[in-house]
Structure formats: C-alpha cells, structure tokens
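Colleague: Once you've had a glance at the structure underneath, I'll fire off some questions.
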Amino acid sequence: MRLLLIEDNARLGSLVRDGLIPQGFAVDWVETVEDAELAMKVATYDLLLVDLGLPDGDGLDIVRRSRRDKNATPILVLTARGGLDDRVTGLDAGADDYLVKPFQIPELAARCRALLRRPGASLGTRLAAGNVVLDCASRSAEVGGVAIDATPREINLLEVLLRRAGHVVAKPALENTLS
C-alpha cells in the first residue's frame, strides 16, 4: 500500500518512513503543504499521514481540502497537538484517525492497516498496462506472465507509471519516487 507522509521534522519523518517500509508500505515523504499538494496531483495514495504544524501552513488545510474535493483517501493525523479540542477539530475536519506524538511505530503501522481494511479504502492492489502487471501488496511485477526481478526503487517507479497510465508523469513525481 502506498502512503504519503507529510512531516516537516526530518528525524521523525525518516524514522516513520524507515519503520513502515519493512512492514510492506511504500512511503513517499514530503515536508510542506505545497509539496503534499503536488504529490497528490501526480500520484495516487492509499493513505495520507498528515502532521498539522507544517512550515507553510496547517496540515488541517490538507485534510479539509481533500474532503471538500470529495477525496475519500483515509487520513491519519500525526501531531503533537493532543488536547481534546485539537483531536475533535481534526476528526471533524475529516481525519479518519488521530495519533498524538510521541508514538511507537508498531501502533502507527497497526492504525494504518486498520484504516486500509475499511471498505473502499484501497485503490486496488493490482495495476496493469498492456502485459505489465504490478501487485502493490506483494511489491512484485510480471511482464507477459513472467515474474521480473526488480528493486524496491524500480517497483515504486513502476507503480507511479502504472497509476498514471495514459497520462504524462511530471518530472517532480518521478524525482520524488526515486529520492
């Protein structure tokens, strides 16, 4: 499953990304509202992990905009704002779950899996174009029915291209995938 992590703290972002990847998640990580909006325009995500205190705006703006645009992608807020009013505001804005920092990676991963189990949460785990098929859940690909040996980086790139099959994929989307 492909996640977009929106977190401006480099240490925490790295820990979250590096903690979720071994559990089978493909994680794209951005640090600003602007970069998150660009990433969501060029790629499709199964889940958004959104910090609220971002350098160029409030993560709640991402949540509200996603819901206003009828985007049903599950959203998990990750924030230091742990007061009751903050949690209620986040959930009422459209977040599906709310996790207060500090947290443990196993709990975060379990919450991600729970959100992705909900009906309609997944965008589909098999992508195809022509004779190329990618199984997003197992991170494996085949061409003409024959399995190919690909690195995780190559699988991520293939996923971006297959999700946008028939469309131009912008250079920043490819760079973000390869970084």
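What follows draws every value from the coordinates through simple rules; no lab data is involved. On a predicted model such as this, the values are computed, not experimentally measured, just so you know. Glycine gets a Cβ as well: all are built from the backbone with ideal geometry, and neighbour counts include every protein chain shown.
Colleague: Which of the trypsin sites (Lys or Arg not before Pro) found in segment 30-99 are in a DSSP loop and have at most 15 neighbouring Cβ atoms, other than their own, within 10 Å?
Modeller: Details: sites: K41, R64, R65, R67, R68, K70, R81, R87; in loops: K70, R81.
Here the sparse-neighbourhood loop sites are K70.
Colleague: Given an 8 Å cut-off on Cα distances and at least 6 residues of separation, report the relative contact order of the chain as a percent. Mind showing how you got there, number by number?
Modeller: Working: 268 pairs, mean separation 32.8, N = 179.
About 18 percent, as a whole number.
Colleague: What number, rounded to the nearest 500 deg cm²/dmol, is the helix-based mean residue ellipticity at 222 nm of the chain, given -39500 (n - 2.57) per DSSP H run of at least four residues and division by all its residues? Write down the numbers at each step before the final one.
Modeller: Values: 7 runs with 74 residues, N = 179.
It lands at -12500 deg cm²/dmol.
Colleague: Another question, then. Out of residues 5 or more away from A26 or on other chains, whose amide H comes under 5 Å of its own, with H placed 1.01 Å from N in the peptide plane?
Modeller: R2, L3
Colleague: Compute the whole-percent fraction of alpha carbon pairs in segment 45-110 spaced more than 16 Å apart. Before the final figure, lay out each step's value.
Modeller: Numbers: 891 of 2145 pairs.
That fraction is 42 percent.
Colleague: Using only Cα atoms, tell me the angle between helix 33-42 and the longest principal axis of the chain; keep it within 0 to 90° and round to the nearest 10.
Modeller: Approximately 30 degrees, to the nearest 10.
Colleague: First check a/c for the chain, with a ≥ b ≥ c the square roots of the eigenvalues of its C-alpha gyration tensor; if it is under 1.5, answer rounded, and if not, answer prolate when a/b is larger than b/c or oblate otherwise. List each step's numbers first, then the result.
Modeller: Working: a/c = 1.84, a/b = 1.72, b/c = 1.07.
Since a/c reaches 1.5 and a/b is larger than b/c, the shape of the chain is classed as prolate.
Colleague: Restricting to bridges with both residues inside segment 1-136, how much of the DSSP beta-bridge set is antiparallel, in percent to the nearest 5? Numbers along the way, then the final one.
Modeller: Values: 6 of 22 bridges.
Close to 25 percent.
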